[in-house]
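**Q** Sharing a structure, written as structure tokens. Questions coming.
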Amino acid sequence: AVIQESKMYITGDRGGRIEAFQENKFLNELPTGSYLFITGDFSFVFSRKGESMWEKMKLDLIKRGNYITCFIDGNHENHYALETYPREKWRGGMVHVIRRDSSGNPKIVHLIRGEVYGINGKRIFVFGGAHSEDCQYRKAYRNWWPDRELPDREEMARGVRNLKKNNWQTDFVLTHTMPAGVFQPGFRHYGDQEETELREYLEKIRSTCSFQRWYSGHIHLDADIDDKHTSLLDDIRNMETNEIVGSMKLKEKK
């Protein structure tokens, strides 16, 4: 048998929809030890009372894949629930462990805002969070957690501290929303004033930090914004080459 080299793959918002994992030929054929990164709005930890029966089933199903699922938080997450999971050091940074394999190794992990991870010889800086522009249609602490979706000062300071430790050098940056200088009129959420401080913070990182590519979700667009910034929704890309290798898009039922 040919041994495939494990690789890192990345996709966009999943919104708690399990079908894209169940029916995905590409994911089902990934070699053991691969990584699947999700740029926010994982949304499989969403019930206000902790994991619901359906969430348990969905998370257990995702756990069965050969790959390790690594997600940053978006705005559509139960941030309080995420903070109840075991917190530990993993690949050089702190994570919340959502699921483990039979040997106890992390299998689904929440990558915490402001941390830097070393994976497959690459450094990855992450910073989740965004504002829910649809909050008028949501109920606070039922399907919207208003005081945790945007980062606080300590999380921002942690990000700066960790980048300084790495001499402002990383290979990849993963965020949910975009830096201010990358946002363009016409993009979803462009006029959301609540995100101004976060976008300006990310812009300072973008202008100071050396990186190969910056991946984000949130605006629900699959596109290379320029030669260093990529927005993701359904595309699955090889994180190191940025090549589109698969899709999470659900096939329309006939």
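**Q** Residue check: is Val173 open to solvent by less than 80 Å² (accessible area, probe 1.4 Å) and assigned to a strand (DSSP E or B)?
**A** It is true that Val173 is open to solvent by less than 80 Å² (accessible area, probe 1.4 Å) and assigned to a strand (DSSP E or B).
**Q** Inspect all residues belonging to the stretch 184-194 and state whether any of them is touching a residue at least 60 places away in the same chain (Cβ under 8 Å) and of a type in the set (A, V, I, L, M, F, W, C).
**A** No, the stretch 184-194 contains no residue that is touching a residue at least 60 places away in the same chain (Cβ under 8 Å) and of a type in the set (A, V, I, L, M, F, W, C).
Condition check ((1) touching a His at 6+ places or on another chain (Cβ under 9 Å); (2) within 18 Å of Tyr215 (Cα to Cα); (3) of a type outside the set (Lys, Arg)) across all residues:
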site: Ala20; (1), (2), (3): no, no, yes
site: Asn24; (1), (2), (3): no, no, yes
site: Leu36; (1), (2), (3): no, yes, yes
site: Ser52; (1), (2), (3): no, no, yes
site: Cys70; (1), (2), (3): yes, yes, yes
site: Asp73; (1), (2), (3): yes, yes, yes
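**Q** Can you confirm whether the stretch 177-200 contains a residue that is hydroxyl-bearing (Ser, Thr, Tyr), in contact with a His (Cβ under 6 Å, 6 or more places away or on another chain) and at pLDDT 95 or above?
**A** Within the stretch 177-200, the first condition is being hydroxyl-bearing (Ser, Thr, Tyr), and the residues that meet it are 177, 190, 196.
Going one step further and asking which of them are in contact with a His (Cβ under 6 Å, 6 or more places away or on another chain), we end up with 177.
Right, trim to at pLDDT 95 or above and you get 177.
Yes; the residues of the stretch 177-200 include at least one that is hydroxyl-bearing (Ser, Thr, Tyr), in contact with a His (Cβ under 6 Å, 6 or more places away or on another chain) and at pLDDT 95 or above.
**Q** Listed residues Thr241, Thr230; which is within 19 Å of the chain's Cα centre (by Cα) and assigned to a loop (DSSP other than H, G, I, E, B)?
**A** Just a single option satisfies the conditions, and that option is Thr241.
**Q** Going through the stretch 209-224 one residue at a time, which ones are more than 13 Å from Gly12 (Cβ to Cβ), within 18 Å of the chain's Cα centre (by Cα) and among the hydrophobic types (A, V, I, L, M, F, W, C)?
**A** If the condition is that a residue be more than 13 Å from Gly12 (Cβ to Cβ), within 18 Å of the chain's Cα centre (by Cα) and among the hydrophobic types (A, V, I, L, M, F, W, C), then Phe211, Trp214 are the ones that fit.
**Q** Moving on to the next point. What are the residues in the stretch 131-158 that are basic (Lys, Arg), in a loop (DSSP other than H, G, I, E, B) and under 20 Å from the mean Cα position of the chain (by Cα), if any? I'd like the intermediate steps shown before the answer.
**A** First, the residues of the stretch 131-158 that are basic (Lys, Arg): 138-139, 142, 148, 153, 158.
Add one more test, that the residue is in a loop (DSSP other than H, G, I, E, B), and what stays is 138-139, 142, 148.
Within the stretch 131-158, just Arg148 meets the criteria.
**Q** Do you know which residues across the stretch 122-154 are surrounded by fewer than 16 Cβ atoms within 10 Å (Cβ to Cβ) and within 30 Å of Thr241 (Cα to Cα)?
**A** Scanning the stretch 122-154 gives a single hit, Lys122.
**Q** Which one of these is out of contact with any Ser or Thr (no Cβ under 8 Å at 6 or more places or on another chain), open to solvent by less than 20 Å² (accessible area, probe 1.4 Å) and either at positive phi or at pLDDT 95 or above (or both): Ile108, Ile112? Give the derivation first.
**A** Numbers: Ile108 fails: out of contact with any Ser or Thr (no Cβ under 8 Å at 6 or more places or on another chain).
Going through Ile108, Ile112 in turn, just one is out of contact with any Ser or Thr (no Cβ under 8 Å at 6 or more places or on another chain), open to solvent by less than 20 Å² (accessible area, probe 1.4 Å) and either at positive phi or at pLDDT 95 or above (or both): Ile112.
**Q** Looking at Arg188, Arg206, Arg199, Arg161, which is the one that is under 23 Å from Ile10 (Cα atoms), open to solvent by 40 Å² or more (accessible area, probe 1.4 Å) and outside any loop (DSSP other than H, G, I, E, B)?
**A** The match here is Arg206.
**Q** Can you spot a residue in the stretch 231-241 that is in contact with a strand residue (DSSP E or B) (Cβ under 6 Å, 6 or more places away or on another chain), among the hydroxyl-bearing types (Ser, Thr, Tyr), in contact (Cβ under 8 Å) with a residue 12 or more places away in the chain and more than 15 Å from Gly74 (Cβ to Cβ)?
**A** So far as the stretch 231-241 goes, no, none of its residues is in contact with a strand residue (DSSP E or B) (Cβ under 6 Å, 6 or more places away or on another chain), among the hydroxyl-bearing types (Ser, Thr, Tyr), in contact (Cβ under 8 Å) with a residue 12 or more places away in the chain and more than 15 Å from Gly74 (Cβ to Cβ).
**Q** I've got another one for you. Restricting attention to the stretch 213-230, which residues are in contact (Cβ under 8 Å) with a residue 60 or more places away in the chain, over 16 Å from Ile72 (Cα atoms) and open to solvent by 60 Å² or more (accessible area, probe 1.4 Å)? Give the derivation first.
**A** Restricting attention to the stretch 213-230, the residues satisfying the condition of being in contact (Cβ under 8 Å) with a residue 60 or more places away in the chain are 215-218, 220, 222.
Going one step further and asking which of them are over 16 Å from Ile72 (Cα atoms), we end up with 222.
Residues satisfying the conditions do not exist here.
The values are calculated or read from the model by the stated rules, or taken from the named source; none is laboratory data. Note that the structure is a prediction, hence the values are computed from the model and not measured. When we count neighbours, we look across all protein chains shown, and the Cβ atoms used for this are built from the backbone with ideal geometry, even at glycine. Only protein heavy atoms, including side chains, enter the accessible area calculation; ligands, DNA and RNA are left aside. Shrake-Rupley method; radii C 1.70, N 1.55, O 1.52, S 1.80 Å.
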